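Note sheet for the following structure.
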Amino acid sequence: MPKFYKLDSEDFEIKPDELLVIAIHSSGAPYYTLAHFLDQKMNWDLINIKDLYSPDDNSACLLNVLSHVDEISRVQYFLIENRFEHHSWISRFYDVDHWLMVTGSGLNDSRIDVDKLLDSLNKTEFIFGVWTIDFDDSLYGGRVTSPFKYFQSLYDFLDDKGFILRFE
């Protein structure tokens, strides 16, 4: 009989403090509209990564993922849909329309100013509110785990497909 082990976030390749996740409320604007205005406001070039993300290999749930690389700040931005048809990828955050996942060595060496990023996002057309997601399990009162597992799975998918860049 196989043995099963409980894994902590320490067992994963990426740690919660190596990801910055920002929830975006955009009143249902489609991802391509939001991407257009983010490109203009942030001076980005969000590119659809071509492979649709299907959480838990659920073919009924296909999420668009777009990416922008900032080599100067040594970070990579991923814009992810939270809604598909009448469902949410992370149902606990049903009021979130999109996620912005930021990863890269620039997070750890303070190359990006998170407050400035949030301020710029808030000033982007079609965005009505943004907030960061904290992965500390204790904030969730033991009833539920933090949403880190969702982003860990997405990160692994992107890494397996070769979309995650390693900044040296």
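Overview of values
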| read-out | value |
| --- | --- |
| Checklist (1) closer than 17 Å to residue 98 by Cα; (2) modelled with pLDDT of 90 or more; (3) more than 16 Å from the chain's Cα centre (by Cα) applied to residue 21, failing item | (3) |
| Some residue of segment 90-100 being loosely packed, with under 14 Cβ neighbours inside 10 Å and outside any loop (DSSP other than H, G, I, E, B) | yes |
| All positions within segment 71-103 that are among the acidic types (Asp, Glu) and in contact with a helix residue (DSSP H, G or I) (Cβ under 7 Å, 6 or more places away or on another chain) | 81 |
| Answer residue from segment 103-150, given it is of a type in the set (A, V, I, L, M, F, W, C) and exposed (fewer than 13 other Cβ atoms within 10 Å of the Cβ) and is modelled with the lowest pLDDT among those | 144 |
| Count of residues meeting criterion [over 13 Å from the mean Cα position of the chain (by Cα) and not small (Gly, Ala, Ser)] in segment 73-82 | 1 |
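The values are calculated or read from the model by the stated rules, or taken from the named source; none is laboratory data. If you're wondering where the values come from, they're calculated on a predicted model, not measured in any experiment. All Cβ positions, glycine included, derive from the backbone under ideal geometry; neighbour counts span all protein chains shown.
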